[in-house]
């Protein structure tokens, strides 16, 4: 039986340790980002000696959730936390606005254009968008803003394909959601 | 011919009960840790039946979209349709898991090993008559134009519904809907922009887009009449009466078609849904044979 992680003042450090360990776990598909950078790691807390970790999927069909869960459990076990419970939270739904500033820099450094601001969510009907995509992105290779979207969809659900008109390189863009 | 061994036979004996079930998602329960308590005043059986309808729509349309993989007109489009399918598969998993969490099981659950999650058993071991998907998603793809028209219709209907379901009294359903809204917005925009290109493109693309519209239109007939389950759940604040979606869906479709220089057919005579009652044509049986065949042949396979 593990003692409650926060039961006594001396154990606060243990919870902080658990949080620090969880924050080192990286995304399986965007390995330059931690789950914390991505905003997928929602909470790390103590419930009667069990480390409870909450994560939220980026997209409903994100196939990486199982790997994320396994990686979190593995990292925490390795750090000596025997009782770990990784839970999914669906609400509020993940938004690219939750990607941290550090995460955005890491994406750009890794050749992936970070997202701009997510569209404002309104209560009424979602307006139909019939014109070309209004999204813009700066080329992560050469820094030019003169880029165009080649496809709204890419190798993973969260990215679009773009091309730089200045250096002609294709690149991926984490699309706003 | 004697006994034919296939690579799949090895899966049956691979791990002696230790491995993961080979065909599903048992390593990743989509509602793990989510509070699935049903709020007071909501009939769990009705809630389960409703989640099954919406989950089956997503699962069947996902399967249709993935039929374009290796067949789409260009690689980017193949990836796009597969991505739309992946979003729908995620929605299906969540909804089937929600149905399973309130006790919806399939008749042939016993065929599956006990370790298979309910969502997988529901996906792989139900017969066509146990599916509650609409005729709109079940119809064959047709050509690319018809596929795009169907995607536009299906995503417009589902987006109108999910936008409203964000306020459902079932918090799990509300969260699934809220998560689906931005995804469906992408699908609808994608289909709408394609239809503009096709309708307002060459004479041939216009002709085929119009043929797609004419083929898909009759399938809208049964999407706007509430089943008894939907009527009861709407009164309980859980579901949305599909009749309330009509004006928005009709408006979206008319806007896109007119901009695409396509003719908007007359609105079909609305009828109760056969698909929601479990009555399907042979197309669904063929689709499910593809989806389920391997899992049913090797129900205990692990890897």
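Every number here is computed from the coordinates shown, using simple stated rules; none is lab data. These numbers come from a predicted model, not from an experiment. Ideal geometry is used to build each Cβ from the backbone, glycine not excepted, and the neighbour counts take in all protein chains shown.
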Per-residue average of Cβ from other chains inside 10 Å of B:88-95:
3
Please report B:53, A:65, A:32 as a ranked list, fewest other C-beta atoms within 10 angstrom at the top and most at the bottom.
A:32, B:53, A:65
What FRET efficiency, computed as 1/(1 + (r/R0)^6) with R0 = 22 Å and r the Cβ-Cβ distance, is obtained for residue B:264 and residue A:130, rounded to the nearest 0.05?
0.90
Output field shielding_mean for B:65-77 (other chain Cβ, 10 Å radius) holds 1
Per residue of A:57-70, other chain Cβ atoms within 10 Å number on average 6
Report the FRET efficiency, 1/(1 + (r/R0)^6), for residue B:283 and residue B:36, where r is their Cβ-Cβ distance and R0 is 41 Å, rounded to 0.05.
0.80
Provide the gained length on full extension for the span residue B:241 to residue B:105, in nm with one decimal, where the gain is 0.36 nm per separating residue minus the Cα-Cα distance.
46.5 nm
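Please rank B:137, B:271, B:240, fewest neighbouring Cβ atoms within 10 Å first, as an exposure proxy.
Ordered from fewest to most neighbouring Cβ atoms within 10 Å, B:137, B:271, B:240 come out as B:271, B:240, B:137.
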Row for chain A, column shape: gyration tensor on C-alpha, a ≥ b ≥ c, rounded if a/c < 1.5 i.e. under 1.5, prolate if a/b over b/c, else oblate; value prolate
When B:86, B:223 are ordered from fewest to most other Cβ atoms inside 10 Å of their Cβ, what list results?
B:86, B:223
Once both labels are modelled 7 Å past Cα along the beta-carbon direction, what's the residue B:231-residue B:294 spacing in nm?
4.3
Which residue fluctuates the most in chain A, going by a Gaussian network model with Cα springs under 10 Å, if the choices are A:33, A:130, A:161?
A:130
Full-stretch length increase - residue B:211, residue B:255 - with 0.36 nm per residue and alpha-carbon distance subtracted
14.1 nm
